[in-house]
1. Could you please find all residues in region B:87-98 being surrounded by fewer than 17 Cβ atoms within 10 Å (Cβ to Cβ) and of a type in the set (Gly, Ala, Ser)?
2. Can we say A:Ala93 is within 11 Å of another protein chain (Cβ to nearest Cβ) and either touching an Asp or Glu at 6+ places or on another chain (Cβ under 7 Å) or assigned to a strand (DSSP E or B) (or both)?
3. Within region B:1-41, considering only strands (runs of 3 or more DSSP E) that don't extend past its boundaries, which have at least 1 residues that are surrounded by 21 or more Cβ atoms within 10 Å (Cβ to Cβ), in contact with a Phe, Trp or Tyr (Cβ under 9 Å, 6 or more places away or on another chain) and not acidic (Asp, Glu)?
4. Checking B:Val101 against (1) crowded, with 20+ Cβ neighbours inside 10 Å; (2) under 16 Å from A:Gln104 (Cα atoms), which single condition isn't satisfied?
5. Tell me, which strands (runs of 3 or more DSSP E) lie completely within region B:45-112 with 1 or more residues that are modelled with pLDDT of 95 or more and under 10 Å from the mean Cα position of the chain (by Cα)?
6. Can you name the residue in region B:50-86 that is buried (at least 19 other Cβ atoms within 10 Å of the Cβ), of a type in the set (A, V, I, L, M, F, W, C) and under 21 Å from B:Gly8 (Cα atoms) and, of all such residues, is farthest from the other protein chains (Cβ to nearest Cβ)?
7. Of the conditions (1) under 27 Å from B:Val37 (Cβ atoms); (2) touching a residue at least 24 places away in the same chain (Cβ under 8 Å); (3) hydrophobic (A, V, I, L, M, F, W, C), A:Leu45 clears all except one; give me its number.
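The values are calculated or read from the model by the stated rules, or taken from the named source; none is laboratory data. The shown structure was predicted, so the numbers you read here are calculated from the model rather than taken from an experiment. Positions of Cβ are backbone-derived with ideal geometry, glycine not excepted, and every protein chain shown enters the neighbour counts.
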Amino acid sequence: DAGVIQSPRHEVTEMGQEVTLRCKPISGHDYLFWYRQTMMQGLELLVYFNNKAVMDDSGMPKDRFSAKMPNASFSTLKIQPSEPRDSAVYFCASSLVDRETDTQYFGPGTRLTVL
Amino acid sequence: AQSVTQLGSHVSVSEGALVLLRCNYSSSVPPYLFWYVQYPNQGLQLLLKYTSAATLVKGINGFEAEFKKSETSFHLTKPSAHMSDAAEYFCAVPAGFQKLVFGTGTRLLVSP
């Protein structure tokens, strides 16, 4: 399996622009997670899905962030408008409910820089 | 709510020395405990997982962790550090179905 795939790997944009991050989970996994990692806050869970439905988005700033999972093999995290404080590494992870309950598999991340 | 505490944001060891990274969980005995490793510019990788089947858990790259209920601890160890072990290590605990809470991480520095 190719593992969790994220694109782009790096994104540099200017304040106020829209940014879209993409994720393809491991085939067959039914949970998908979006995290943000910064030096100050560490690893924060933004939102997660089960079978394409949002389970918990309490960690996501609702005014500018939105997450969607239109099908089982694709998810997006959109920031509009972007701000310099959104600069971080964004990780997508997926998991499968079976004997490996709770084990999450992470993608390589997208490093976002907002100027 | 469950949480984990990692003591020491940075740990420095010499190559060949013992590695000890500390993790304590907050309250009731969790069903699972995890150690993840993050190499520079990469995502997190599962290092090992405690599932209550055994208190001593062996992971990849020679790492192991021992679950100690009396100390509410799940410390990560490796007898002899390699330069390639330099990375950030995260302890994690379940916090709801399929949801994990991660510690703040410990950066391991290995000097020649």
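1. B:Gly96 - this is the single residue of region B:87-98 that is surrounded by fewer than 17 Cβ atoms within 10 Å (Cβ to Cβ) and of a type in the set (Gly, Ala, Ser).
2. Yes; evaluated as a whole, the condition is true for this residue.
3. Per the criteria, B:19-21, B:33-38.
4. (1)
5. Per the criteria, B:64-68, B:73-78, B:87-94, B:106-111.
6. Of everything passing the filter in region B:50-86, B:Ala81 is farthest from the other protein chains (Cβ to nearest Cβ).
7. All conditions are met except number (2).
Okay, residues lined up against (1) without any contact (Cβ under 8 Å) to a residue 40 or more places away in the chain; (2) loosely packed, with under 15 Cβ neighbours inside 10 Å; (3) more than 10 Å from chain B (Cβ to nearest Cβ); (4) not basic (Lys, Arg):
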position: A:Val12; (1), (2), (3), (4): no, yes, yes, yes
position: A:Gly28; (1), (2), (3), (4): no, yes, yes, yes
position: A:Arg36; (1), (2), (3), (4): no, no, yes, no
position: A:Asp63; (1), (2), (3), (4): yes, yes, yes, yes
position: A:Pro70; (1), (2), (3), (4): yes, yes, yes, yes
position: A:Gly107; (1), (2), (3), (4): no, no, no, yes
